[in-house]
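Quick notes on the structure that follows.
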Amino acid sequence: MNNQLRRFGVLAPPGNVALERELPPLLPPGVAMNHNRLSRPPEVKKIDSLLQMADSIERAARDIALVDPEIILYACTSGSFLMGAGQEDEVARRIFDITGIPAISTSTAVICALRAVKARRVFMVTPYPDDINVREVEFLKHYDIEVSGWDSFRQATSAGNRSISSGQVAELIRKHAQEARKCDAVFISCTNLLSLDQIVSLEKDLEIPVISSNLASLWALLRYLDVDTQSMQAGSLFGYRGPVEVTGAEARTAAAAAV
């Protein structure tokens with residue numbers, strides 16, 4: 001055993017437990033995930049609290065940079081799209097400016113994934129309160145993705161998210177199966193919402209792609225690392241090879257070429 005591996009770094013909200021469970025079991029041989037936590041005010045899922053989490057980027061990014069990842073993920077969907085339409089990758093720009101390491105936000109990864117599967121109309125499921133749900137509908141609309149319908153667990157805290165099983169997520173989606181089948185994809189938002197073990201069966205039932213925040217994030221990271229994902233049995237997204245918008249990718253490529 002040695003440490004000569006492809007690495008990506010993950011900066012996650014302090015109350016997030018789903019990323020560390022869902023992503024590592026899917027990693028191909030030779031790829032490792034290193035994880036660090038951001039900080040945020042007390043455990044209430046208010047818009048200001050989520051945005052203030054970005055104040056801890058410098059500490060968290062400098063720490064994760066010490067393991068020399070090839071790319072860093074800002075792994076909070078709402079914490080990035082709430083910055084405003086078209087501003088969701090501002091956190092990635094900050095990470096790159098601090099570390100010189102390419103970075104991407106989960107919100108950007110979601111847009112890239114939905115574009116890869118050619119989804120223009122989606123049915124959305126989230127754990128968020130409705131004020132955040134409405135902002136997410138606006139965020140997707142900015143990228144010409146229509147949310148034709150949505151439902152939510154309306155949780156106000158990360159602890160509330162942790163109480164939701166992946167089976168409950170699948171049950172809520174199946175409750176709206178008739179509406180979902182009229183869409184191009186189902187989108188499950190939030191990196192702290194378990195769902196990956198349900199995606200293959202949901203896709204079989206609904207006959208459309210099912211994209212979660214964690215699935216989109218992992219797909220985007222592996223696409224950047226140029227790792228073959230087409231044999232991965234975790235959802236149809238891994239069979240697509242669409243472009244991924246990574247902040248700082250061109251700068252690092254140019255620097256490597258100059259050596």
Fill in the blank from the handout: Toy charge model, Lys and Arg Cβ at +1, Asp and Glu Cβ at -1: the chain dipole around Cα centroid in debye, rounded to 20, equals 200
Exercise for the section: Under a 10 Å cutoff between Cα atoms, tell me which one of ILE188, ILE95, ILE164 has the largest fluctuation in the Gaussian network model of the chain. Expected result: ILE164
Fill in the blank from the handout: Taking Cα pairs closer than 8 Å and at least 6 residues apart, the relative contact order of the chain in percent is 21
Fill in the blank from the handout: Rounded to the nearest 10, the angle in degrees between the Cα long axis of helix 90-99 and the longest principal axis of the Cα atoms of the chain comes to 20
Exercise for the section: Enumerate by residue number the trypsin sites (Lys or Arg not before Pro) in region 108-180 meeting two conditions: DSSP loop (anything except H, G, I, E, B), and at most 11 other Cβ atoms within 10 Å of the site's Cβ. Expected result: LYS118
Completion exercise
Taking Cα atoms only, helix 213-224 is inclined relative to the longest principal axis of the chain by an angle, in degrees rounded to 10, of 40
Fill in the blank from the handout: Computed, not fitted: 222 nm per-residue ellipticity of the chain from DSSP H runs ≥ 4 (each -39500 (n - 2.57)), nearest 500, equal to -11000 deg cm²/dmol
Exercise for the section: Quote the relative contact order of region 118-211 in percent (integer), defining contacts as alpha-carbon pairs under 8 Å separated by 6+ residues. Expected result: 36
Practice task
Among DSSP beta bridges whose residues both lie in the chain, state the antiparallel percentage, nearest 5.
Solution key: 5
Exercise for the section: Once you've got the Cα coordinates, tell me which of LYS182/LYS204; LYS118/LYS204; LYS46/LYS175; LYS118/LYS141; LYS46/LYS118 are over 20 Å apart. Expected result: LYS46/LYS175; LYS46/LYS118
Problem - Equivalent ellipsoid semi-axes - Cα gyration tensor, region 118-211, angstrom - result: 19, 17, 10
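Just so you know, all these numbers are worked out from the coordinates, no wet-lab data involved. Model, not experiment: these values are computed from the prediction. Glycine gets a Cβ as well: all are built from the backbone with ideal geometry, and neighbour counts include every protein chain shown.
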